[in-house]
Structure formats: C-alpha cells, structure tokens
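Trainee: Provided herewith is a single structure, encoded as structure tokens, for subsequent inquiry.
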Amino acid sequence: MRVAVTGGCGFLGSHLCEALLRRGDAVVCLDDLSTGQPENLAHLRTYPGFEFIHADVSVAADVPGPVDAVAHLASPASPPDYLRLPLQTLAVGSRGTENALELARRNDARFLLASTSEVYGDPQIHPQDEEYWGHVNPVGPRSVYDEAKRYAEAVSLAHHRTLGVDVGIVRIFNTYGPRMRPHDGRVVSSFINQALRGEPLTIYGDGKQTRSFCYVSDLVRGLVAMLDSSETGPVNLGNPEEWTVHDLAELVLDITGSDSEIRYHPLPTDDPVRRRPVITRALEHLGWRPEVPVEDGVRWTVEWFRAT
Ligand code: NAD
Ligand code: UDP
C-alpha cells in the first residue's frame, strides 16, 4: 500500500509511519510541524518508500500520485497545545478532515480518522462504549478539540454515506510512550520529566480523577488493524487499565526512584472526572486488545526519556 499519514511527525503519527514502512508499505507524511518534531522521522528517511510533504492540511492535502489509504492524525492533541492553538485545532478538525477525505475520495482510498475519547466529554456513563453519545460542553475551553473531533466524525460519516468513501473511525484513549515531547503537558510525559529532573510532580485537582493508559505499540497495532479492515466504526482503542492520576504519580516516583514531592494545582476547566474504554468492539471486529501493562509501558518510557 501507499499510505498518506497526516500528522506523521507527531507522537502517534511517527510510530504509525514506522510500523507501515517496516511491513513494506510506502508512506507519504504530511505535517506542518506545529506540534510535531522532525527528529521523530529522522530514522525513517532511510526507507526508500518514505516521503515527507511540509503542508498545513487545513489549507490543502495534496499528494502527487495514487494513494491506497489516508490516515488522518493531524491535530494538536495535548490540552496545553490545543488551548494554545484553538483556531488551528478547529480548522484541522474541520477543513483539514474535509481535505483529507477529499484526498481519499479522489483516490478511492481507505480513510482512517484518529478521533478521541474526548468526544465523550466528561462522561456520565462509565465505562464508555461506542453507543454513548457523550457529555461535552460545547462552549468550554476544551470544546475547540472535542467539537472539532465530533465534527470530524460527522463529516467523515457523511462522506461515507453520500459519496461512498471507505471510512474507518477510531476513538483513541490516552496513549503514552517514547517520542512524546517532554513539555507537551500531558500527564505521563509531565510526571516522568518532572521526576527525572527532581522537580515537583504537578497534580491537577485532588488526583482522584482517572484515565486509562495505553502504550503506543499497542495503540499503533490497533490503528494498522483498522486501516487494514473495512470496519466503519467508531471503534474505541485504549487500554481499560484505569488509574487515578495520584496513583500514576506514585508509580512514576517508584519507577524513577525520584524523591520529587507532589504539588497540587487547580483542576483545569471541564477536566473529565473519569474515563475507561469498553473495547469489545475492537476485540470482536479487529481481533485487537492491548497487551502492555502500565507498569511496563511507563518503565520503558522512563528509559527512553533517560536516554534522550
Ligand atoms: P501530536 O501533537 O504529537 O501530533 C500531531 C501532529 O499533527 C503533529 O506532528 C503536528 O505537527 C501535526 N499537525 C497539527 N496540525 C496540523 C495541520 N493543520 N496540518 C498538518 N499537520 C498538522 O499528537 P498525537 O498524540 O500524536 O496525536 C495524533 C492524533 O491522535 C491526533 O489527531 C489526536 O487527536 C489523536 N489522539 C491522540 C491521543 C493520545 O493519547 N496521544 C488520544 C486521542 C486522540
Ligand atoms: N494532569 C495532571 N498534571 C499534569 C498534567 C495533567 O494532574 O501535569 C491531569 C489532567 O488534569 C487530567 C489527567 O491528568 O485529569 C490527564 O491529562 P492529559 O492532559 O494527559 O490528558 P486528557 O486530559 O486529555 O485526558
């Protein structure tokens, strides 16, 4: 296959590009480098099937020559990033998704949308399966991301229903691992880097809120399975292992051996109280389930940050 990956310089996108190249696919990465890092792709440039196009896909997503699949991952994803880039986040979720869909339609290609557990907002049903419509504040600060992704899902399904585009939607739950930016503000990367520097770990709120953390290699296996399938979805991809933020902080302190203290800060507006995926659909339709326990994944991520 020749796969166009938007957002391929980012954390998840670079791992997806690598997985596709390793199995022999050709990859065209489109990225505007707004939150991605070129060094994420440095080792991929040696693959003959790898191409990079510096492009803002909110303006255009053009790829010379045929493509068999489009994986649309371009979007700021860390809360500090999308709060810093609110209009760009809305643009890439809306116009960026439309442009990527048009690229797929023109090529009669499979289209994979990287949606998010944030479409469930601050969920009132726990755990969350794909039938749940969510509980999103449409005018709160997080809405620039949540509503952009909800629109992205809607416009993708409209292209599927009216134009016959072969769409597959995955809703990704919190994923972590090597190649996260140390200061991207997400909880795993923040805690690990604070612990390694001997700085206080910053817990927002009382730390009793939960997230379910998936290691990147597991998640990328799920993305590839969805790309290869003809499922429309949406399909949750995440590890149902649910942790409080406080317990995650303790785990990071334990693994790093750091004597950093924990400092409590105000909880951001509309921060979801709890989140855990039901992954029956992924298991039944894609044969996918995560395999890496959080303790192992965090240890490997700590090793990676130590080495970089
Ligand atoms: P990331 O910020 O590391 O990567 C996003 C990439 O998209 C970056 O390389 C950035 O430069 C690029 N980008 C942003 N806007 C662009 C534009 N207009 N044109 C071209 N490129 C653009 O984030 P990530 O964690 O790798 O997330 C990738 C995708 O997965 C996002 O769509 C995100 O919403 C989704 N997702 C991620 C998680 C997670 O836990 N990592 C969870 C849910 C959903
Ligand atoms: N969080 C925290 N300290 C940090 C960064 C995040 O306590 O330094 C909390 C955040 O408030 C949220 C959880 O950790 O409750 C997960 O945050 P993240 O930004 O990683 O993901 P998201 O909120 O998008 O699920």
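The values are calculated or read from the model by the stated rules, or taken from the named source; none is laboratory data. Worth saying up front: this structure is predicted, and the values here are computed from it rather than measured. Positions of Cβ are generated from backbone atoms using ideal geometry, with glycine treated the same way; all protein chains shown enter the neighbour counts.
Trainee: Kindly state which strands (runs of 3 or more DSSP E) lie completely within region 165-284 and contain at least 1 residues that are in contact with a helix residue (DSSP H, G or I) (Cβ under 9 Å, 6 or more places away or on another chain), aliphatic (A, V, I, L, M) and in contact (Cβ under 8 Å) with a residue 12 or more places away in the chain.
Mentor: Once the strands (runs of 3 or more DSSP E) in region 165-284 are filtered for at least 1 residues that are in contact with a helix residue (DSSP H, G or I) (Cβ under 9 Å, 6 or more places away or on another chain), aliphatic (A, V, I, L, M) and in contact (Cβ under 8 Å) with a residue 12 or more places away in the chain, what remains is 166-172, 201-204, 235-237, 262-265.
Trainee: Which one of the conditions (1) more than 18 Å from the chain's Cα centre (by Cα); (2) of a type outside the set (D, E, K, R); (3) surrounded by fewer than 21 Cβ atoms within 10 Å (Cβ to Cβ); (4) at pLDDT 95 or above does PRO79 fail to meet, given that it meets all the rest?
Mentor: (1)
Trainee: In this structure, is GLY238 at pLDDT 95 or above, touching a Pro at 6+ places or on another chain (Cβ under 6 Å) and within 16 Å of ligand 1 (Cβ to nearest atom)? Talk me through it step by step, then tell me what you get.
Mentor: Values: at pLDDT 95 or above: yes; touching a Pro at 6+ places or on another chain (Cβ under 6 Å): yes; within 16 Å of ligand 1 (Cβ to nearest atom): yes.
Taking the combined requirement at face value, the residue satisfies it.
Trainee: For region 22-43, name all the residues that are assigned to a helix (DSSP H, G or I) and buried (at least 20 other Cβ atoms within 10 Å of the Cβ).
Mentor: ASN40, LEU41
Trainee: Counting just the residues of region 189-215 that are under 14 Å from PHE11 (Cα atoms) and either hydroxyl-bearing (Ser, Thr, Tyr) or surrounded by fewer than 23 Cβ atoms within 10 Å (Cβ to Cβ) (or both), which one comes out farthest from the chain's Cα centre (by Cα)?
Mentor: Residue satisfying both the conditions and the ranking: SER189.
Trainee: Moving on. Determine, yes or no, whether GLY297 is on the phi > 0 side of the Ramachandran plot, within 16 Å of ligand 2 (Cβ to nearest atom) and under 19 Å from the mean Cα position of the chain (by Cα).
Mentor: So GLY297 fails the test.
Trainee: Evaluate the following for VAL70: is it at pLDDT 95 or above and in contact with a strand residue (DSSP E or B) (Cβ under 6 Å, 6 or more places away or on another chain)? Working first, answer last.
Mentor: On the way: at pLDDT 95 or above: yes; in contact with a strand residue (DSSP E or B) (Cβ under 6 Å, 6 or more places away or on another chain): yes.
So VAL70 fits the description; yes.
Trainee: Keeping to region 190-235, report how many residues are within 16 Å of ligand 1 (Cβ to nearest atom) and either touching a Lys or Arg at 6+ places or on another chain (Cβ under 7 Å) or of a type in the set (D, E, K, R) (or both).
Mentor: Selection size over region 190-235: 9.
Trainee: If I go through region 8-45 residue by residue, how many of them are closer than 13 Å to SER75 by Cα and among the polar types (S, T, N, Q)?
Mentor: 2
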